[in-house]
Amino acid sequence: MTASPHSAPAAVALSTEGLVGTVASVPTSVLRATRFRPRHPPRFILAAGFLAMLALVALGPGLFTRYDPLTGDFSETLKGPSWVHPFGTDRLGRDVLARTLYGTRYSLLIGLAGMAVSAAAGVLLGVLAGLRNRLLDEAVSRLFDVLSSFPGVLLAMLVVTFLGQGMANIAIAVGIAGIPKFGRVVRAQTQLVRDADYVTHAAIYGLGRSRIFLRHVLPNVLVAVPVIATIYIGNTILVVSGLSFLGLGPQPPTPEWGVMLAESRDVLRVAWWPGVFPGLAITLTVIAFSIVGGVLQKRFEGRIA
Amino acid sequence: MRKIVPCGAVLTTCAVWLAGPAYAAPPDLAPKTGGTTTWGVATEPSCFDPHRSSQQAAFFVARNYIDSLVAKRADGSFAPWLATQWSLAPDGLTYTFTLRDGVTFHDGTPLDAEAVKANFDFVKKPENAANAAALLDRYARAEVVAPNVVRLILARPDSSFLESVSNVKLGILSPKALAKGDLCGGGPALAGTGPFVFAEYVRGQSARFVRNKAYAWPPGYAAHAGPAYLDGFTIRFLPEAAVRAGALASGQVDVIEGVQPTDAPLFTDQPDFTLLKGPLGAGTAFTLNVNYTRAPADDVRVRRALRDGFDPEPIVGQAYLGTVPRAWSIIGPDNPAFNRALVGAWGRDVAGANRLLDVAGWTGRDAAGFRTRDGKRLTIEVGYPQPYVRDNREVLIQGIQAALRKNIGLDLNLRIITAGEYAKGNATGTWSIYPNTDNPSDAARELWDMLGTKGFLYTNVPNPDPEITGLVDEALAATDPARKRAFTDRIQVLGIEKAYIVPLFAPSWFLAARKGVEGLGFEAGLDSPANAYDVWLAGE
Amino acid sequence: MPARHLTLRILSRLGTSLVVAWASVTAAFVALHALPGRIEDILAGDVDFPGLREAIAAEWGLDRSLPAQYADFLLRLAHGDFGTSYVLRRPVIEVVGSQLRPTVELAFAAGLLAVLLAGGLALATAGRGRLAHGLASSLELVAASTPVFWLGILLLMAFSFSLRWFPVAGAKSWNALVLPAIALALPTAGLLAQVLREAMEKTLDQPFVTTVRARGVGETAIRIRHVLRHALLPAVTLGGWLIGGLLGGAVITEKVFGRPGLGTVTLGAVLTHDVPVVLAVVLLAALIHVAASTLLDILYLLIDPRLRTT
């Protein structure tokens, strides 16, 4: 193993350590040819279908409800589920279904944005560290150590108090916490690819260094990113819900699931519905992401095996 | 003793109890001595030293071990406490206090004029950075006239001074304790003269208090004389509301404070529990303070539209499930200085609010339905500092936000901000709307805090309105009660007229207790639960 | 492997650890001082009178230049002095020290519980048919995908308020530890069990298992003695990450259950910009991280002799 053993997986579902090295000896063309395999396990289809549905809801939540997620009816507060309000109403008379549906947009967005921050910075730093400069490698690796020495929630708390609350800032906060998880995998992957036979051969054939890097090294490094990303989004959504509970989540009245769940805890003894539905949404979404991520990862490993 | 005080416990709360849900100890039961209780409270004070703290949560705890020179009754008058009598010289600058004999601090030091002087000297000294010094801005020095007579001399007349002296922030600590340095950590080192001794503080968990056996100097409004009934009590810090309610319901604590409106039915009219409601806004109402120097709220028409563009009644009613009323003035309804003329005199005029905004030129509409002028959205930010968010107040503001959007197309942009952002906005005078209730004190001082030139809100705002700041200054200087009353009444009206303030609701403390815990009450001067001095346990 | 090599490796590990700890604290120091709003304004809050801010600044040395404050901070740190909390006004070492125990108890109990749950579940279900596998992996997924605070509140409602089996809050007795430990352990156990079972199933397929079976060794013995050992490696890798997760989760768990501890102190310190306390917590977190990863390194060598040759 080239990564230090404790360099932790980003996984909700599975260790990403297994990714390292698996594609090192495979040129891009082979990967492309094996991208699609015919058989899908049923749980994968179920999870992927759920995520596709979420994406649809996130794009047009208004298509699925006629209620506004922000404006409530004060004569209809804390009403239980009914035909008019299938998920009931919250303490301001807002439709819980509408808020849960619109919440898809915000929760997924924060998850994606946070993951994008982690991935962008993680890939950049990981590739830098994986190249043949020992000093650079040492510096970047220690930076990863520094970042991962903060427990995720603590780091996110510090970043949010630094930047202030709000969707973008929270995405940055959870994104920063995820940088070392991406970075370490990418670094190890880069090291393996750069030493792989086909890269050495390319050099022997006289290809330029930047050309080798762009044509052969980078694509084989990047191919690992979507898998880690899928697995990591779920974790991001959980961290954001934790921040919301601590009062550091997205600004109210944003119908983000974590915020809804956090707001619901005071009424839990008299009304279960404002909390149970967004809670269910979080759990199901995280599960779906880990199933899809897990299957992607196995497939990824399986290609080589 | 109980015959003289018909309402059962602390006199200050009688009016409230009669008006609110009736609660009284069964009249045939005589208070008994003995036993201990456990309280579940929401906020763990970061500092237990009343001179230093600025947290309301710390003050009602401190009242158990700290006494003051005078006591404030619910009607706003003052009763003897550590001082048996006092007088103000005709110049309005010199207060003379005669101290009660035989009072000793928990550490055995006797209370004398030197001790009182030591306390006021300590707070006034700027290097000590004691928060209570804010109450002494017009105070100059203390003089020991006799071992039991102390004179407090002001630099300028201060109509709120006696009230400040009655405040727990200016409570009297043992001079030995003061000399020890930092007392924030509580424990026996924090020696006052109160009915309980601070026995032990376990950070993050609990604070324990035991009866002061020598106690014989309760405030003039107390329901009994002599030492407290309870052998002692423990405070447990339970920040989650659901956890507090659950702890009481399952018998793990005897009393809780900060009962959520949604949890109130669990303890109302139940055979095993009682719910007690404190005074309504004995200090100030929960208010939106609008910075009237910042665009677009520098336009009185915009401010009035904000004030009238929603009906607080149903929003407050739903957010608090009918447990607290909407407010009519910045001064709370149970504060003796409340100007009753404001009741029903303003608000809820959506058509008028829309007309005002039309005239002010906010005639465009953007895609989200908000009004615009020259392509700019009509937005006013409410910056709510995260550490102060509590009691569903951000939920209430969300309700108002939704109503204003729907009714008049105004974007009330609620933003939970960090303590740092708040400090910065305040230091540069660039805050927009600051939602708060002021720590309870004298009405003139509350108005000065929120609207005065050197109050904490406007101290860094350039050119505040001289009309209102002038009135605030005069109110604070008017030692004649009638004159002072005229000023505070006028300021309350002016604040509404110019829509510098939008009062929302009159907050109250909710206590819930298991049956058998008697003598619980509220202290008017603190706008909080009273200390455990009159509490006793029935039955068992 | 020669013992000298191991010692050297640990020593160099400790060297870089110090650098990491220093960098963490420095980053936090810079960030905390670059925050919007002057610290003396934040500390003053809603209180204002002439001279207050100056007095606060003078009391904590905030009136000096930032490099001077930083140099002073490092110097004091070198002498083991963490300073005084701005807000609680007690020595930081006392504040953090008094809160360390309940958090360590919680994290340890939760960690142990997670390992036992995960180990038991994986041992019982690995390679044991679709139903057991499906049921276990569904449970694990749900546990790993539910927010900790939500889990905590549900546990409280069921076992403390309704059934009254456990006290609602505090850290005074062992039974106050049960619910928080479960709430904190479940998500961790879910992750761990997945990884462990996955690894065990891979191992069960290997030829040596068939060989051992052929020798007549009982199935339970095979699983515990042979398969579990092989499956530990990936689990230990995950374990390192989970230690950080347990500490972070403690912030939330302590708030839900009203437990004292570092999490509560940290949250308060971050919200009130109590710089000395935050810095101490950051340093502590870095040291724990470093200690945990060094420990894991050694664990690796113990579990898998093959690594000793690297």
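Here is how the numbers come out for the structure above:
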read-out: Leading residue by the ranking (farthest from B:Ala524 (Cα to Cα)) among those in region B:186-217 that are without any contact (Cβ under 8 Å) to a residue 60 or more places away in the chain and part of a strand (DSSP E or B); value: B:Val202
read-out: Criterion (in a loop (DSSP other than H, G, I, E, B), in contact (Cβ under 8 Å) with a residue 60 or more places away in the chain and in contact with a strand residue (DSSP E or B) (Cβ under 9 Å, 6 or more places away or on another chain)) met by exactly one of B:Asp391, B:Asp334; value: B:Asp391
read-out: Qualifying residues in region B:471-491 (those that are buried (at least 23 other Cβ atoms within 10 Å of the Cβ) and in contact (Cβ under 8 Å) with a residue 60 or more places away in the chain) - the one nearest to B:Arg348 (Cα to Cα); value: B:Thr488
read-out: Residue among C:Ala181, C:Ala158, C:Ala189, C:Ala193 that is closer than 27 Å to B:Val202 by Cβ and in a helix (DSSP H, G or I); value: C:Ala181
read-out: Hey, B:Pro219 closer than 25 Å to B:Ser441 by Cα and within 23 Å of the chain's Cα centre (by Cα) or not; value: yes
read-out: Residues being of a type in the set (A, V, I, L, M) and part of a strand (DSSP E or B) - total across region B:394-434; value: 5
read-out: Residue selected from region B:235-244 under the condition closer than 17 Å to C:Trp150 by Cα and not in a loop (DSSP other than H, G, I, E, B), by the criterion nearest to the chain's Cα centre (by Cα); value: B:Ala241
read-out: Considering residues of region B:366-417 that are away from chain A (no Cβ under 11 Å) and among the hydroxyl-bearing types (Ser, Thr, Tyr) only, the residue nearest to B:Asp299 (Cα to Cα); value: B:Thr379
read-out: Residues of region B:337-367 satisfying the condition of being within 25 Å of B:Ala402 (Cα to Cα) and without any contact (Cβ under 8 Å) to a residue 40 or more places away in the chain; value: B:Val343, B:Gly344, B:Ala351, B:Arg355, B:Asp358, B:Gly361, B:Thr363, B:Gly364, B:Asp366, B:Ala367
read-out: Leading residue by the ranking (modelled with the lowest pLDDT) among those in region B:322-350 that are within 14 Å of chain A (Cβ to nearest Cβ) and surrounded by fewer than 18 Cβ atoms within 10 Å (Cβ to Cβ); value: B:Gly322
read-out: C:Thr84 vs. criteria free of Cβ contacts under 8 Å to residues at least 12 places away in the same chain, under 32 Å from the mean Cα position of the chain (by Cα) and surrounded by 13 or more Cβ atoms within 10 Å (Cβ to Cβ); value: no
read-out: Those residues of region C:21-63 which are farther than 19 Å from B:Arg52 by Cβ and touching a Gly at 6+ places or on another chain (Cβ under 9 Å), in sequence order; value: C:Leu35, C:Pro36, C:Gly37, C:Arg38
read-out: Scope region B:435-469; condition within 11 Å of another protein chain (Cβ to nearest Cβ), over 18 Å from C:Pro50 (Cα atoms) and not in a strand (DSSP E or B); matching residues; value: B:Thr437, B:Asp438, B:Asn439
read-out: Yes/no for A:Ile287 being in a helix (DSSP H, G or I), more than 19 Å from A:Gly152 (Cα to Cα) and either facing another protein chain (nearest Cβ under 7 Å) or out of contact with any Lys or Arg (no Cβ under 9 Å at 6 or more places or on another chain) (or both); value: yes
read-out: Candidates A:Gly122, A:Gly175, A:Gly126, filtered to the one that is closer than 20 Å to C:Val282 by Cβ, in contact (Cβ under 8 Å) with a residue 60 or more places away in the chain and more than 14 Å from chain C (Cβ to nearest Cβ); value: A:Gly175
read-out: Filtered residues of region C:166-178 (kept if part of a helix (DSSP H, G or I) and in contact (Cβ under 8 Å) with a residue 24 or more places away in the chain); value: C:Ala176
read-out: Helices (runs of 4 or more DSSP H) (entirely within region A:197-283) containing at least 2 residues that are of a type in the set (S, T, N, Q); value: A:225-245
read-out: Matching residues, region B:481-540, being touching a Lys or Arg at 6+ places or on another chain (Cβ under 6 Å), in a loop (DSSP other than H, G, I, E, B), more than 25 Å from B:Glu313 (Cβ to Cβ) and at pLDDT 90 or above; value: B:Asn531
read-out: Helices (runs of 4 or more DSSP H) (entirely within region C:217-307) containing at least 1 residues that are more than 14 Å from chain B (Cβ to nearest Cβ); value: C:228-257, C:275-303
read-out: Count - residues of region C:125-155 that are assigned to a loop (DSSP other than H, G, I, E, B), in contact (Cβ under 8 Å) with a residue 24 or more places away in the chain and more than 10 Å from every other protein chain (Cβ to nearest Cβ); value: 2
read-out: Complete set of residues in region B:126-185 that are of a type in the set (A, V, I, L, M, F, W, C), within 14 Å of chain C (Cβ to nearest Cβ) and in a helix (DSSP H, G or I); value: B:Ala132, B:Ala133, B:Ala134, B:Leu135, B:Leu136, B:Leu170
read-out: Residue list for region B:249-274, restricted to those being more than 14 Å from chain A (Cβ to nearest Cβ) and either under 25 Å from the mean Cα position of the chain (by Cα) or surrounded by 21 or more Cβ atoms within 10 Å (Cβ to Cβ) (or both); value: B:Gln252, B:Val253, B:Asp254, B:Val255, B:Glu257, B:Thr274
read-out: Strands (runs of 3 or more DSSP E) contained in region B:23-120 and holding at least 3 residues surrounded by fewer than 23 Cβ atoms within 10 Å (Cβ to Cβ); value: B:36-41, B:78-80, B:83-88, B:94-99
read-out: Number of the exception - C:Asp63 against (1) surrounded by 15 or more Cβ atoms within 10 Å (Cβ to Cβ); (2) within 14 Å of chain B (Cβ to nearest Cβ); value: (1)
read-out: Meets criteria (facing chain C (nearest Cβ under 9 Å) and not hydrophobic (A, V, I, L, M, F, W, C)) for A:Ser241; value: yes
read-out: Residue within region C:147-167 that is of a type in the set (S, T, N, Q) and under 21 Å from the mean Cα position of the chain (by Cα) present; value: no
read-out: Test result for A:Val270, surrounded by 24 or more Cβ atoms within 10 Å (Cβ to Cβ) and more than 17 Å from the chain's Cα centre (by Cα); value: no
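Per-residue answers, yes or no, for (1) away from chain C (no Cβ under 13 Å); (2) outside any strand (DSSP E or B); (3) surrounded by 23 or more Cβ atoms within 10 Å (Cβ to Cβ); (4) under 26 Å from the mean Cα position of the chain (by Cα):
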{"residue": "B:Gly226", "(1), (2), (3), (4)": "yes, yes, no, no"}
{"residue": "B:Tyr229", "(1), (2), (3), (4)": "yes, yes, no, no"}
{"residue": "B:Phe233", "(1), (2), (3), (4)": "yes, no, yes, yes"}
{"residue": "B:Gly246", "(1), (2), (3), (4)": "no, yes, yes, no"}
{"residue": "B:Leu276", "(1), (2), (3), (4)": "yes, no, yes, yes"}
{"residue": "B:Pro279", "(1), (2), (3), (4)": "yes, yes, yes, yes"}
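The values are calculated or read from the model by the stated rules, or taken from the named source; none is laboratory data. Here the structure is a predicted model, which is why all the values come from computation and not from measurement. Glycine also receives a Cβ, built like all others from the backbone with ideal geometry; neighbour counts cover every protein chain displayed.
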